[in-house]
1. If I ask for residues that are surrounded by 14 or more Cβ atoms within 10 Å (Cβ to Cβ) and not in a strand (DSSP E or B), which ones from region A:291-308 would you list?
2. Limited to region B:30-53, what total is found for residues that are more than 18 Å from the chain's Cα centre (by Cα), surrounded by 16 or more Cβ atoms within 10 Å (Cβ to Cβ) and under 27 Å from residue B:240 (Cβ atoms)?
3. Looking only at region B:31-55, count how many residues are under 30 Å from residue B:125 (Cα atoms), part of a helix (DSSP H, G or I) and touching a helix residue (DSSP H, G or I) at 6+ places or on another chain (Cβ under 7 Å).
4. All but one of (1) within 14 Å of chain A (Cβ to nearest Cβ); (2) over 12 Å from residue B:224 (Cβ atoms); (3) touching a helix residue (DSSP H, G or I) at 6+ places or on another chain (Cβ under 8 Å) hold for residue B:308, so report the exception by its number.
5. Of everything in region B:226-273 that's hydroxyl-bearing (Ser, Thr, Tyr) and part of a loop (DSSP other than H, G, I, E, B), which residue is farthest from residue B:309 (Cα to Cα)?
6. Every residue in region B:61-77 that is at the interface with chain A (Cβ under 10 Å from one of its Cβ atoms) and of a type in the set (Val, Ile, Thr), please.
7. What about residue A:215, is it surrounded by fewer than 17 Cβ atoms within 10 Å (Cβ to Cβ), closer than 17 Å to residue A:310 by Cα and charged (D, E, K, R)?
8. Collect the residues in region B:78-106 that are assigned to a helix (DSSP H, G or I), within 13 Å of the chain's Cα centre (by Cα) and away from chain A (no Cβ under 14 Å), keeping them in residue-number order.
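The values are calculated or read from the model by the stated rules, or taken from the named source; none is laboratory data. Small disclaimer: the values here were computed from a predicted structure and weren't measured. With ideal geometry, Cβ positions are generated from the backbone for all residues, glycine too; neighbour counts draw on all protein chains shown.
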Number of protein chains: 2
Amino acid sequence: MNIKNLSINFIGFSKSNYDNAIFIVDATVFDLYAARLQGCKCVIVQGKERSKSLATVKKIIAELITFKADRKSTLVAVGGGVVTDITGYVASVYMRGITFGFVPTTLLAMVDAAIGGKNGVNFGLHKNFIGTINQPSFINIDMSFLKTLPLQEWKNGFAEIIKHACIKDEKLYNLLKKHDLTYFTNNPQVLLKIIKKNINIKLGVVKKDVLENGERKHLNFGHTLGHAIETVHKISHGKAVAIGMCFAAELSAQIFQFDSPLEVKELIHNYELPTRFNSLNKEKVLNILMMDKKKENELIHFVLLTNIGKAETQLLDKKQIEIALHKF
Amino acid sequence: MNIKNLSINFIGFSKSNYDNAIFIVDATVFDLYAARLQGCKCVIVQGKERSKSLATVKKIIAELITFKADRKSTLVAVGGGVVTDITGYVASVYMRGITFGFVPTTLLAMVDAAIGGKNGVNFGLHKNFIGTINQPSFINIDMSFLKTLPLQEWKNGFAEIIKHACIKDEKLYNLLKKHDLTYFTNNPQVLLKIIKKNINIKLGVVKKDVLENGERKHLNFGHTLGHAIETVHKISHGKAVAIGMCFAAELSAQIFQFDSPLEVKELIHNYELPTRFNSLNKEKVLNILMMDKKKENELIHFVLLTNIGKAETQLLDKKQIEIALHKF
């Protein structure tokens, strides 16, 4: 599916909107909203990082066969980023590709994970190593799912919102500075605006560079170190990315004379996200980092800031990262 | 990769033609031509139908990681259809897709399997069930590999050549009628022409309908029943397709008053391929057939002939196929 044909809608979830659908549903979401999916063909997936494996892919395919899924079927992910990532991958390879769409139920999936067509699973310690870039046909956002969203998931979502602001949108950055988590969770109309804004930021970048040959790399701000920390220390994606952004902000100051690393850290702290990790296993993290997909020979593409709202990609070698990591 | 950018070359194989390459090599080819690949990064795959599994995919990915394959790497399949199918799939999902190309070493792969971008592996009894449609960057054909091709593999190749003739090219059909296997194996210049002709037939169909919404379905002539027989009775692809074509020719006579079913069978027989299978387990074959990807609800897309060189797709239900199968 071409990203130009992607349809994004803000509508209440109703199973009757979906024909020939098989729903791939996060286990927690299914427990909370079973009534909404009554009578539907549902495959239940644990929405945990460890579910992102070829074993889960195999299990889902076996269930799809039991449901007699064929080329006219549509897979509909109902859940967070783990579920949309796996669903997009399964739909891309089942019978050489069937239609799929997303109903993101977490803030992070609404503003980031569900958008852009990257899908896939981990391969051992290699994060998002097996996958495709393939766009969904639709993304249907029902804000009412956020009523049951745990606090940590709100924070995870704001980690990506802060990322978008840092790399692409100074106005959004200033708005975030003025408020905090409680403000946005209590003001659904403002939150809706923020979600739409973030979708547009991400879509704008992706549409110009679907295959990540250039500007799309900027969306990895905070993610290069973040993924490594997430893999080694099994902390949430939002926390890991927050720490990764603080590290990248420091590196940005060293390399590009970026002048606001402390301010970025303060913003991250205000959204109840960590700015450092005390017992960081630097050796393990560095090893995982050198396994990153964004590696080119022995150099790593690192996304840094030149100003608030402006990012640049820089190739760094292992030694440079090691030194910065020891200072961090 | 867009099929319009595919480059097809008839050149002698030389490892020095490939930069950043990791070769995925058929075990038999590797044994015969080890010298040609000396010093190269090679992953060895058994070129058997049972290798087409997610387990093999996982094994290859693990070896690619050991070789430090990254986004600048190119996977080069050296082997028959099994190896090109698996390689195309692995390259399509490794790090969300890396460059790949084919060096087909069997006649069947040269005229058919390597062309068109369909890749994938089996899932249990479901043939080619997991895969993508993704075009290679290049197909490099070195006819010298055919010197060591076993007789059965020549026959397998001619099964697909006969298929192309039946659905698309009466002139080719008449040429095949005039000669036999021995003639072509002893006349490399004529063989080269035949290979080029068949590549053009397949490319012509695929270019008009990459995603198999219409005319590309015709290439499945003989394959719907063929795949089921291949899965149940573990016979070679060529033999299974040959029997499938004879069945489809009979059905064509019944449904479209096709007037040459016996002639088609005679041609198949002349190329030392079977026209029937004596101990066919019809019940099992029918069950597998109803699991086919080309199924739509409970109807199967069956490719039939109206004339030599002209195919049509017909939707048939289980009962119709069952009756025809019992007559066959």
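1. A:291, A:292, A:293, A:294, A:308
2. 2
3. 3
4. So the condition that residue B:308 fails would be (1).
5. At the first step, the residues of region B:226-273 found to be hydroxyl-bearing (Ser, Thr, Tyr) are B:231, B:236, B:252, B:260, B:271.
In the following step, the residues that additionally are part of a loop (DSSP other than H, G, I, E, B) were identified as B:236, B:260, B:271.
On the way: B:236: 25, B:260: 11, B:271: 18 Å.
By that ranking, first place goes to B:236.
6. Passing the criteria: B:61, B:65.
7. Numbers: surrounded by fewer than 17 Cβ atoms within 10 Å (Cβ to Cβ): yes; closer than 17 Å to residue A:310 by Cα: yes; charged (D, E, K, R): yes.
Yes: the conditions hold for residue A:215.
8. Once the filter is applied, which keeps residues that are assigned to a helix (DSSP H, G or I), within 13 Å of the chain's Cα centre (by Cα) and away from chain A (no Cβ under 14 Å), region B:78-106 yields B:81, B:82, B:83, B:84.
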